[in-house]
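Have a look at the structure below, then the notes.
Please treat every number below as a calculation from the coordinates, not as lab data. Since this is a predicted model, take the numbers as computed values, not measurements. Reconstructed Cβ throughout: ideal geometry from the backbone, glycine too, with neighbour counts over all protein chains shown.
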Amino acid sequence: MRILAIDPGEKRIGVAISDPTGALARPLTVIKHVARAVDAASIVQLAVDNEAGRIVVGAALDDEGEPTPQSRRAERLAEAIRLQTDLPVELWDESGSTQAARQTLIEMGVRRNKRRGHQDHLAASFILQSYLDSLRNE
């Protein structure tokens, strides 16, 4: 089963998809934030188009594991998605995903001027890979 992952942001939403076996995550696209209901509809359409059986929404927690303002926005987005689909929608701790995406680009030797810009879809793939790894470890 394919799983779609979302890295919600204030301006952009990163999207990643797993392979059909649910083992590997890859970046898919970036959606420009419009409004919660519109964003949710776009996400649901991507899930349908890519035959996803589940949607995972990244929600950053603070150092004590408590919700942050960003995670509360992610929860509201997840709820908007649930209103538009019967697919299971889960929240997953995304803490550090953007920094991990940036570090990966550095390790790959991508020059600084090429690293500027959006890494939202890469962050979504880190969220998804973390989720997939946790399923394998259960």
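Taking H placed 1.01 Å from N in the peptide plane, check which residues at least 5 places from Ala59 or on another chain put their amide H under 5 Å from its amide H.
Trp92, Asp93, Glu94
Report, by chain and number, residues whose modeled amide H sits under 5 Å from the one on His33, excluding near sequence neighbours (fewer than 5 apart, same chain).
Result for His33 returns Arg12, Ile13.
I want the local charge near Arg26. Using Cβ-Cβ distances under 13 Å, sum +1 for each Lys or Arg and -1 for each Asp or Glu among the other residues. Spell out each step's value before the answer.
Numbers: positive: Arg2; negative: Asp19.
Once positives and negatives cancel, what remains is 0.
Can you give the local net charge around Arg54? Use residues other than it whose beta-carbon is closer than 10 angstrom to its beta-carbon, Lys and Arg +1, Asp and Glu -1. Intermediate results must be reported in sequence, preceding the final value.
Values: positive: Arg2; negative: Glu90.
Spelling it out: positives minus negatives among the neighbours equals 0.
Net charge around Arg82, counting only other residues with Cβ within less than 11 Å of its Cβ (Lys, Arg = +1; Asp, Glu = -1)?
Details: positive: Arg76; negative: Glu75, Glu79, Asp86, Glu90.
So the surrounding residues net to -3.
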